[in-house]
1. So which residues in the stretch A:223-248 are over 17 Å from A:Val170 (Cβ atoms) and out of contact with any Lys or Arg (no Cβ under 9 Å at 6 or more places or on another chain), if there are any at all?
2. Would you mind telling me which numbered condition in (1) closer than 16 Å to A:Asn169 by Cα; (2) within 14 Å of chain B (Cβ to nearest Cβ); (3) crowded, with 24+ Cβ neighbours inside 10 Å A:Ala219 fails?
3. Can you run down the residue pairs with Cβ atoms below 7 Å, 6 or more apart or on separate chains, where the first is in the stretch A:189-210 and farther than 27 Å from A:Val164 by Cβ and free of Cβ contacts under 8 Å to residues at least 40 places away in the same chain and the partner is β-branched (Val, Ile, Thr) and assigned to a strand (DSSP E or B)?
4. Whether any residue in the stretch B:113-129 is exposed (fewer than 15 other Cβ atoms within 10 Å of the Cβ) and under 25 Å from B:Val75 (Cα atoms) is what I want to check.
5. Specify the residue that is farthest from A:Lys165 (Cα to Cα); the eligible residues are those in the stretch A:108-143 that are part of a helix (DSSP H, G or I) and modelled with pLDDT under 95.
6. Which condition number in (1) surrounded by fewer than 24 Cβ atoms within 10 Å (Cβ to Cβ); (2) within 12 Å of chain B (Cβ to nearest Cβ); (3) at negative phi; (4) of a type outside the set (Ser, Thr, Tyr) is the one that A:Glu50 fails?
7. Give me the pairs, please: first residue somewhere in the stretch B:86-100 and outside any strand (DSSP E or B), second residue anywhere and surrounded by fewer than 17 Cβ atoms within 10 Å (Cβ to Cβ), beta-carbon distance under 7 Å, and either six or more positions apart or on two chains.
8. How many of the residues in the stretch A:253-281 are of a type in the set (A, V, I, L, M, F, W, C) and within 30 Å of B:Arg54 (Cβ to Cβ)?
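The values are calculated or read from the model by the stated rules, or taken from the named source; none is laboratory data. All values derive from a computational prediction rather than experimental measurement. Every residue, glycine as well, gets a Cβ built from its backbone with ideal geometry; the counts of neighbours run over all protein chains shown.
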Amino acid sequence: MVDLTIDLNGLQLKNPVMTASGTFGYGEEFMDFFDISRLGGVLVKGTTLEHREGNAYPRMAETPRGMLNAVGLQNKGVRYFAEHIYPRIKDYQTNMLVNVSGSTIEDYVQTAEVVNELDKIPGIELNISCPNVKEGGMAFGTSCPSAMAVVEAVRKVYKKHLMVKLSPNVTNIAEIGAAVEGAGADSISLINTLLGMAIDAKSRRPLLSTVTGGLSGAAVKPVALRMVWQVAQAVKVPVVGMGGIMTATDAIEFMLAGASAIQVGTANFIDPCVTAKIVDGLENYCAEQGVEKITDLVGALEL
Amino acid sequence: MKKYIDDFKVVHNERLNHEYVILTLQHPGRLPAMLPGQFVEVRVDNAPHTFLRRPISIHDVDEKTNTMKLLVQEVGEGTRRMGQLQAGDTCNLVYPLGNSFSLPKGKRVLLVGGGCGIAPLLLLGRYLKEQGIAPRFLLGARSKDGLIAMEAFRSLGEVFTTTEDGSEGTKGFVIHHPVMRTDTPEIDQIYTCGPEPMMKVLAKYAAKHGIACQVSLENQMACGFGACLCCVADTRDGHKCTCTDGPVFDSTYLKW
């Protein structure tokens, strides 16, 4: 029997497989397909202080081995979440983490304060990396001082597990990782989507209403893997890797690069059962390789 | 309604013309109930440049043989690959997705389709007929070649046609057909699916004449079941997912 459990700096996961925010709804959307209590954790849809309508349609474009999105944090606001959605999802037998976003530091702080009061939410993922909103989001995650400022401010009011999600749209991601660790992050997740663009040559128009959007899917995996490797070497807190994970083998590569846990995003759209298959695949890999504890794989890359 | 993910077996691929095929897919066991207006998300295998599933309307259902039919228009690599599927191949579906057309206000119904948008109207027509409501179809295309699967529609009710070049039926768009060009149309309910400009014209027409109108949208989707929030339509209540709140909307609910 392989031990798949992970201690993510105090957050106990039954296995390293989590779902990425914005690709798994509130978990409910997947209940018909498999038992989500099999997962290590679920990151629910990006949540902001106030209701947001998101960007205009079209918000999606398929690209080679990936997709661009420009949803723009559509959600009903954290108070609606606390009143109407939390009661429905609070008893799921997995870690339900809330992805928190905002336009100002005060937005982040107030949203985190509301989530802090929800007993069965063991942590938040601070999204300082959304490329699809005009204000805030990625702007916070692309310089060390602003990333530190928002993490420090939230750290003061948020008492449970604080994961911080980094943007790949930076020159030196290891620096940003070290900065948010210094500001009090309990773990660091990466990567959010890569800023990209798609054009319809016939109409000479962009395919997204916002012109640019976030690239995800298999296409981004090599970039994500490199960044996870760089950040894992620069920080002591655990790293949660994501970016183009489609299979258990992909997940193992991220763990070898230094990720203690992983998130699966875009793959959920193509195979809604993919995360359950990845849990099975991790167990099989470990059994075949004689790995007793999956934590033995973390950072086990041989150079 | 519970959603499923299963491998179906392709039992038939009927090529209608250079751009349309009808795939008949058989469920490995007992096909669950599916409603008119719902759709499936098809995984396209062996198409290296595609990444996401393809949302396709359910064209017809046969509970006796546990089969469903998909009318596929080949518009890109994914749908072209689907057009090449052969009897005996497997086809992985996430299904059934979306809401459905609802029962009409009044008995005089007109089902208006354009291009590939005729697809869900066949199952709707069958469903209405079973409810004792005689479906009338108004189907439009660019030319005669584009008027496809006509026999199946004729087996259910009266069929009117329009073509832009006049090669069959009334020349012009669906809105130019005599059944619509009257001050007192004998229509209580319009159901429509097709190009958005056509549906917008029909929504306006319906509003003018006090006719109820349900439209089926085909927005771009990534998932098809409410997780990605990509396929939103602009409604009186803000952005709503075409895949879960739709694809069928009352025309007055949309901000058109």
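1. Selection gives A:Lys236, A:Val237, A:Pro238.
2. (3)
3. A:Pro206/A:Ile199
4. Scanning the stretch B:113-129, I find no residue that is exposed (fewer than 15 other Cβ atoms within 10 Å of the Cβ) and under 25 Å from B:Val75 (Cα atoms), so the answer is no.
5. Out of the qualifying residues, it is A:Ala139.
6. The single condition A:Glu50 does not satisfy is (2).
7. Sorted first by the residue in the stretch B:86-100, then by its partner, the pairs are B:Ala87/B:Val11; B:Ala87/B:His12.
8. Of the residues in the stretch A:253-281, 11 are of a type in the set (A, V, I, L, M, F, W, C) and within 30 Å of B:Arg54 (Cβ to Cβ).
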